[in-house]
Amino acid sequence: MKIRSYLKKAAHGIWSVFLSGLLTILPLTITIALFHLSFSLLEQWLRPIARLRPAFLDCIPHAELILVTILIFIIGAFVKVVILRSSIHAVERLIKKIPLIRPIYAGIQQLVHAFGSQDATSFKHVVLVEFPRNGIYSIGFLTSELPEPLRPSNVPLLHVFIPTTPNPTTGFLILVPKDQIKVIDISRQEAMALIISGGIILPEKFAATHQQ
């Protein structure tokens, strides 16, 4: 019996050490795997550009990434000084006239602008609402107020967008009375990280308290 007890303790100790090591390296390995996957996808998307790169860049690995990065900076510089801004707007207006592409492009454009650091009006506040039923809460983004002619009653209703996990580009638009919305003190970026990670990535100001 004593031998069996010692074997159980030894097995438990070995498993504990193994689990400790696994939990230590798991975040790093997952991060590396996700980075490698993203890099591979990006490289596939940029493969046509690799055929256009100058011959002297053939000796540089992944030179197409360097070319795209430089191109993005050049476009950003031109846009900042308003040289290309009118041309870009003209191209956007043309794209928005194409029936099938218009709703997709417009939706993605608005979503990107909404979560951009310079846009403080599209998603006004991060809020907590009871959804999909009473007693169950979801994190959402307050966008605007439902116009009075569309209200079913005299009660003011606010638009709240509820993103889904792990793909926040889809979600639900719900109409919630103002007194049933609770504004929470986190930024849009912190809320998005929380939603995409399924609640794993907490805002830094709360993470330390949660660990304690």
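If R0 is taken as 41 Å, the Cβ-Cβ distance between SER40 and ILE3 corresponds to a FRET efficiency of 0.20. In the stretch 121-152, whose amide N lies under 14 Å from the spot 7 Å out along Cα-to-Cβ of VAL183? List them in ranges. The answer is 121-128, 141-145. Fewest neighbouring Cβ atoms within 10 Å first, the residues ARG188, ARG102, ARG4 line up as ARG4, ARG102, ARG188.
Given an 8 Å cut-off on Cα distances and at least 6 residues of separation, report the relative contact order of the stretch 125-202 as a percent. Could you put the intermediate results ahead of the total?
On the way: 138 pairs, mean separation 23.2, N = 78.
Value for the stretch 125-202: 30 percent.
Between ARG93 and THR69, what's the calculated FRET efficiency when r is the beta-carbon distance and R0 is 45 Å? Round to 0.05. Rounded to the nearest 0.05, the efficiency is 0.95.
Bear in mind that the values in this text are calculations on the coordinates, not laboratory data. All values reported here derive from a predicted model rather than from experimental measurement. FYI the Cβ positions are ideal-geometry reconstructions off the backbone, even for glycines, and counts take in every protein chain you see.
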